[in-house]
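Everything below concerns the one structure shown next.
The values are calculated or read from the model by the stated rules, or taken from the named source; none is laboratory data. Here the structure is a predicted model, which means the values were calculated and not measured. Glycine gets a Cβ as well: all are built from the backbone with ideal geometry, and neighbour counts include every protein chain shown. In case anyone asks, the SASA skips ligands and DNA or RNA and just uses the protein heavy atoms, side chains included. Shrake-Rupley method; radii C 1.70, N 1.55, O 1.52, S 1.80 Å.
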Amino acid sequence: MKLSKSFFYTLREDAKDEDSCSGNLLVRSGMIKKSSSGIYMIMPMGKRVLKKIEEIVREEMDRSGAQELLMPALILEDVYVKSGRRDVFGSNMFALKDRYQKEYVLGPTHEELFAIAAAMKGKSYKDFPYNLYQIQTKYRDETRPRYGLIRTREFIMKDAYSFDTDLEGLHESYMKMFNAYCRIFDRLSLDYKIVKADTGAMGGLLSEEFQAICSIGEDVVVGCEHCDFSSNMEISEVVDHTNVCNEEVKPLEAVETLNAKTIEEVASFFQRDPQDFVKTLLYRVDQEKFVAFLLRGDRELNETKVLKLLQANEMELASFEDVERITGAKVGFAGPIGLENIMIVMDRQIQKMKNFICGANRSDYHYINANLTDFHPDVIADISYVKEGDTCPKCGAPLTFTKGIEVGNTFKLGTKYAESLGLQYLDRDNQLKPVVMGSYGIGLERCMAAIAEQHNDENGLIWPMAVAPFAVAIVVVSTKNEEQMRVANELYERLAHEHIDVLLDDRSERPGVKFKDMDLIGIPYRITVGRGAASGMVEWCVREDQTMEEVTTEEAFTKAMTLQKNV
């Protein structure tokens, strides 16, 4: 591509409305442009990068034996109602009606349609296994789109689905996809971790996430200092090795704590550590009932664990009015003792506590010396978030936290969708059985953003060779110099003829502007054609470490020829 005859631009200033390094650099380098909140145009240079990512994904999917198809994005809402997921997605799903008032949605994911398509072939056990995939646009009405391409409302996704007759077959299909994912993310030069995760709206038997390690990642990846344990923070078990308190039980006593509502305020009032307190949080669950959750004062409620525990779809903090109605006290003084007509779910850490402090369900009062004999929880479970430094459930060493961007996920769905959508097969005994499914997703634009987050410096992007928009940029110092233009054009034509991705910067710009642009857009190698052209010499520059060397034109051609062959 010759820049003088191409659509190409860069921005000198940082993008004002981008809150991530990748978003800022991708906008500045002219690769993407925001259309509206959470929606982006992919510009020509960015499209080349995205296409390279897509090609890698497609190659590995085909290598694993999966077959590509294409599903519609516009889907009858009844499909999701039938599977039971319409309410689960709720307002995250874009909904619309056609001219006949039929209700449609824009597909956020396609398990249902793939199950319907699979029924066309899956009649007998002899028809299995097989795997189908697509690369297509998805739509989710995110509450808070952010971080450029990392959390958007419209995005391109590769989703694959395996179909088997039993769990053993599912595991084999799952591992094929798992290994394909490892090859994909290795080829994309991503630093990633594989973690156990919550199955969420997908449901099923197992979920694992491929997390690209990044400081702005929205997910917390829980790891261990001494073993290979890794997990998403949302499902990480809190292992409590503290001993049961051996204090003698003391008499319960109500103490006035005027204006002390928060754990910090009450801890200061009593001169006690927050872990000596039990806090009571009231939530409305699925808009139908209120539930009180009891946690140690130094812990936070893990809503993912709670939703799974209660088999609920959504939860929100109770309003001030509801808290006062249920407890008979102002907000900040709720406690489990005397709390009636409401389910009480207690974190299991509290079982080891004695003589703790909690709200008294009376404005400006707290109880001291509260004990488990003073109230009766309905459920006792692990409902709190793990904290950095907690005990590893695998080896007992301290846990560590890093942040990650979820770029891929794999699910063992089991028979959930087959049963709800009637996907069955006849087994060897001529008995109808539900098909066993797996689901496997990769966000292509998220991969692009994650690579940009991990591969950049103060000058701009540093694309790995496998996804770079061009392998080599030829920069002409002076387009008015006939010899420089002759050498540059000749080198460009030779490389293009050999199918090397080469860009020729033949714009009438100052050399400094051209060099900055090539650094910004992240071309891995640059050949500078300047004063030495007359004597057959050019400059070879490596983007990653900015090393430069003077070589002959023929040597530059040979170096460029070896680049893509080694990808």
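Which condition number in (1) part of a strand (DSSP E or B); (2) at pLDDT 95 or above; (3) aliphatic (A, V, I, L, M); (4) open to solvent by less than 10 Å² (accessible area, probe 1.4 Å) is the one that residue 413 fails?
Result: residue 413 fails condition (2) only.
Looking at segment 73-116, which of the residues that are in a strand (DSSP E or B), surrounded by fewer than 17 Cβ atoms within 10 Å (Cβ to Cβ) and of a type outside the set (Gly, Ala, Ser) is nearest to the chain's Cα centre (by Cα)?
Only one residue tops the list, namely 74.
Does residue 53 meet the test of being among the β-branched types (Val, Ile, Thr) and either in a loop (DSSP other than H, G, I, E, B) or modelled with pLDDT of 95 or more (or both)?
Judged against the criteria, residue 53 is a match.
Which of the residues belonging to segment 210-223 are assigned to a strand (DSSP E or B) and open to solvent by 20 Å² or more (accessible area, probe 1.4 Å)?
Those that are assigned to a strand (DSSP E or B) and open to solvent by 20 Å² or more (accessible area, probe 1.4 Å): 213, 219, 220.
Suppose the filter is closer than 21 Å to residue 510 by Cβ and either modelled with pLDDT of 95 or more or in contact with a Lys or Arg (Cβ under 8 Å, 6 or more places away or on another chain) (or both); does residue 4 pass it?
When the stated conditions are applied, residue 4 passes them.
Give me the residue from segment 274-289 that is of a type in the set (A, V, I, L, M, F, W, C) and open to solvent by less than 40 Å² (accessible area, probe 1.4 Å) and, out of that set, farthest from residue 336 (Cα to Cα).
Going through the qualifying residues, I end up with 285.
For segment 251-268, enumerate the residues that are open to solvent by 100 Å² or more (accessible area, probe 1.4 Å) and either in contact (Cβ under 8 Å) with a residue 24 or more places away in the chain or not acidic (Asp, Glu) (or both).
Matches in segment 251-268: 251, 258, 259.
Among the residues of segment 344-381, what is the count of those that are closer than 17 Å to residue 283 by Cβ, in contact with a helix residue (DSSP H, G or I) (Cβ under 8 Å, 6 or more places away or on another chain) and in contact (Cβ under 8 Å) with a residue 60 or more places away in the chain?
3
Across segment 345-386, what is the total count of residues that are outside any loop (DSSP other than H, G, I, E, B), open to solvent by 10 Å² or more (accessible area, probe 1.4 Å) and farther than 21 Å from residue 250 by Cα?
Result for segment 345-386: 4.
Within segment 521-567, track down each residue that is open to solvent by 50 Å² or more (accessible area, probe 1.4 Å) and assigned to a helix (DSSP H, G or I).
531, 534, 535, 554, 555, 558, 559, 562, 564, 565
Which is open to solvent by less than 10 Å² (accessible area, probe 1.4 Å), of a type in the set (A, V, I, L, M) and within 18 Å of residue 21 (Cα to Cα), of 473, 449?
It is 449.
Could you list all residues from segment 31-43 that are more than 14 Å from residue 448 (Cβ to Cβ) and either assigned to a loop (DSSP other than H, G, I, E, B) or not charged (D, E, K, R) (or both)?
Within segment 31-43, 35, 36, 37, 38, 39 qualify.
Counting only residues that are within 19 Å of residue 6 (Cα to Cα), charged (D, E, K, R) and surrounded by fewer than 19 Cβ atoms within 10 Å (Cβ to Cβ), how many does segment 16-47 have?
2
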